[in-house]
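One structure below.
The values are calculated or read from the model by the stated rules, or taken from the named source; none is laboratory data. Computed from a prediction, not measured in an experiment: that's the story for all the values here. Here Cβ is always computed from backbone atoms with ideal geometry, including for glycine, and neighbour counts include all displayed protein chains.
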């Protein structure tokens, strides 16, 4: 937690909290902490070592978490993904001619440090080598000056060839290579810019794609139309099985199949590329440019995430925007803010930044651990969150044009794409805090609740960013071979909304009841729920059970009992819970993996909500959390437990390991969520 985010609005550094130093007292120990008022801790029964360990661990965790709050009131941990972010950053700089020695050296050091002994790069900690990631890392190190004959490079290129070479990589990797002539544009799927004109009712219009895909695809249609090639500084023959025939012809799928139909559609689009009317194409690219620029945020980024920002900068550059243009300067400056410079001189690129998400989760954790609602740290966090409320329409309004704006995004700046998950959790966090301006708080929560209700999909569930974003067609496109490109309802997001609505007194509302019915229908046969935005069934189950109980389902409900039985059945022998990312593609991994702090906490949150406080599984889980805690009150967690796209893009949220264990320990010590049923107001 000592890394700094270069150029971001403040660096995450342990600091003294704004409040004066007081003493947190439990029945068994006295711990110095920077708190204004001590959490209320029920007396520990004599001879209850598990309760005693939980109290002590929670007190240490409270002190740690307060110590890493930013002076402005927010929390933000590093958001770690994989080296494609770093490789593509170097490729962008090479393409634009803005590379510098310091950045290149630091990026190369980080990429080298992530290479595995077999020469590959993985997309998550202790995961298998991944072809496209390894290709992009290899090319980036060539740009950083590494010789192809160096042992670490030779191992990588040999592995790449053994996996089928560049021809077997994903489309996005080959697009990057095509920018430098290392791959032929003619051998890439076509995505014409004229799709910008497709009406909302037509399949494959840009609003059929999830917001993250839409923001990426629109600029890439310009790149695809322009087909630029910048001189490559070296060849990449060593990455092909046969350099003389790098892309052997592939057999088409049967014409009667969806894959076959879309392959033939792509062939037709390649023909269209050669004969597209120039005026129409020029008009389409100009419309795409306007669309891109209109969605640039105040900080210069697009959607608060790195990939759309990178492709938007390239597209605008190809349309004549030079590096010194204000739009380009702001865009490039925003990309620099994704850089985390480490003490060893390396430089890691975050795909995104998560201050709103981290802050609401930290607030919930501290409140549920007994920190008083009027604690200065919580008040400052709440006031910062209130300042982040979004009050203007975004792309979500395409499907919900009559809905008034409200809610919160994930990032520092992303007014065009508030998300339903953050809005629900921010409302839950704000309800735990005594804010001086009570009217402001009530108004913000009311607007967030109204917006979330308005974003419910037809089936009763909620997606992350859009309503009814579940067209079956976008995922079929040959262009879209990397990760999820639509945003259908998910169990974890729906659960968080249902829990928030229950806390707001809307458990009996027909819309909440539809959400509950949707959740019950989504339960797996084994008793778990799929985790779309966290790994995986442990996350889904840890989200849904507390929501169902908060909404009034009794702990004796069959769905709750099945969930409890499943969690008991997958508990590790050491008392913790863990689930490997491979569970997204291999059923043998469901519920199985090395114990982690965040996943153990998720399991405990479900079991505690289900009334299982006296369950031996809970006691073992709490003991594992207490035993795994570091002396400074933090937990270490190299394993990735966050999900961007199931299996394809994984995330290690560095604050998950702190906030979720504290929430679970707090609820173990204090019972039900400290302020969810007894509001601070």
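Is it the case that residue 377 is without any contact (Cβ under 8 Å) to a residue 12 or more places away in the chain, in a helix (DSSP H, G or I) and over 22 Å from the mean Cα position of the chain (by Cα)?
In short, no.
Check whether at least one residue in the stretch 436-453 is assigned to a loop (DSSP other than H, G, I, E, B) and closer than 16 Å to residue 496 by Cα, and report yes or no.
No, that holds for no residue.
Can you pull out the residues in the stretch 133-152 that are assigned to a helix (DSSP H, G or I) and either without any contact (Cβ under 8 Å) to a residue 24 or more places away in the chain or not assigned by TED's automatic domain parsing to the domain that holds residue 99 (or both)?
151 - this is the single residue of the stretch 133-152 that is assigned to a helix (DSSP H, G or I) and either without any contact (Cβ under 8 Å) to a residue 24 or more places away in the chain or not assigned by TED's automatic domain parsing to the domain that holds residue 99 (or both).
Yes/no matrix, rows are residues, columns are (1) assigned by TED's automatic domain parsing to the domain that holds residue 63; (2) in contact with a helix residue (DSSP H, G or I) (Cβ under 6 Å, 6 or more places away or on another chain); (3) crowded, with 20+ Cβ neighbours inside 10 Å:
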site	(1), (2), (3)
357	yes, yes, yes
360	yes, yes, yes
364	yes, yes, yes
376	yes, no, no
384	yes, no, no
390	yes, no, yes
396	yes, no, yes
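Report yes if residue 397 is part of a helix (DSSP H, G or I) and under 21 Å from residue 664 (Cα atoms), otherwise no.
no
Is there a residue in the stretch 75-96 that is in the same structural domain as residue 622 (by TED's automatic domain parsing), on the phi > 0 side of the Ramachandran plot and crowded, with 20+ Cβ neighbours inside 10 Å?
No, the stretch 75-96 has no match at all.
Examine the stretch 350-358 for a residue that is within 30 Å of residue 56 (Cβ to Cβ) and touching a strand residue (DSSP E or B) at 6+ places or on another chain (Cβ under 7 Å), and state whether such a residue exists.
So far as the stretch 350-358 goes, yes, one or more of its residues are within 30 Å of residue 56 (Cβ to Cβ) and touching a strand residue (DSSP E or B) at 6+ places or on another chain (Cβ under 7 Å).
Please go through the stretch 604-621 and give me each residue that is assigned to a loop (DSSP other than H, G, I, E, B) and over 19 Å from residue 553 (Cβ atoms), ordered by number.
Across the stretch 604-621, the qualifying residue is only 614.
Could you figure out which of (1) modelled with pLDDT of 95 or more; (2) not in a strand (DSSP E or B) isn't true of residue 340?
(2)
Every residue, every condition in (1) surrounded by fewer than 20 Cβ atoms within 10 Å (Cβ to Cβ); (2) touching a residue at least 40 places away in the same chain (Cβ under 8 Å); (3) touching a helix residue (DSSP H, G or I) at 6+ places or on another chain (Cβ under 7 Å); (4) under 15 Å from residue 662 (Cα atoms), yes or no:
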{"position": "332", "(1), (2), (3), (4)": "yes, yes, yes, no"}
{"position": "349", "(1), (2), (3), (4)": "no, yes, yes, no"}
{"position": "354", "(1), (2), (3), (4)": "no, yes, no, no"}
{"position": "370", "(1), (2), (3), (4)": "no, yes, yes, yes"}
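Evaluate the stretch 415-424: report whether one residue or more is surrounded by fewer than 24 Cβ atoms within 10 Å (Cβ to Cβ) and more than 30 Å from residue 55 (Cα to Cα).
Looking through the stretch 415-424, at least one residue is surrounded by fewer than 24 Cβ atoms within 10 Å (Cβ to Cβ) and more than 30 Å from residue 55 (Cα to Cα).
Taking the stretch 477-526, which residues are assigned to a loop (DSSP other than H, G, I, E, B) and within 30 Å of residue 269 (Cα to Cα)?
Across the stretch 477-526, the qualifying residues are 477, 478, 479, 480, 481, 482, 483, 484, 485, 486, 488.
For residue 517, only one of the following conditions fails: (1) surrounded by fewer than 22 Cβ atoms within 10 Å (Cβ to Cβ); (2) in contact with a helix residue (DSSP H, G or I) (Cβ under 9 Å, 6 or more places away or on another chain); (3) within 28 Å of residue 453 (Cβ to Cβ). What is its number?
(2)
Only residues that are in contact (Cβ under 8 Å) with a residue 60 or more places away in the chain, more than 22 Å from residue 157 (Cα to Cα) and loosely packed, with under 13 Cβ neighbours inside 10 Å: list them for the stretch 225-249, please.
Matches in the stretch 225-249: 230 only.
For residue 465, are the conditions met, namely being touching a strand residue (DSSP E or B) at 6+ places or on another chain (Cβ under 9 Å), under 19 Å from residue 211 (Cβ atoms) and modelled with pLDDT under 95?
no
What are the pairs, 6+ residues apart or on separate chains, where a residue within the stretch 653-666 that is buried (at least 24 other Cβ atoms within 10 Å of the Cβ) has its Cβ under 7 Å from a residue that is at pLDDT below 95?
Within 7 Å, the pairs are 666/674.
Just checking, which of 577, 566, 529 is modelled with pLDDT of 95 or more, closer than 28 Å to residue 420 by Cβ and part of a helix (DSSP H, G or I)?
Exactly one residue qualifies, and that residue is 566.
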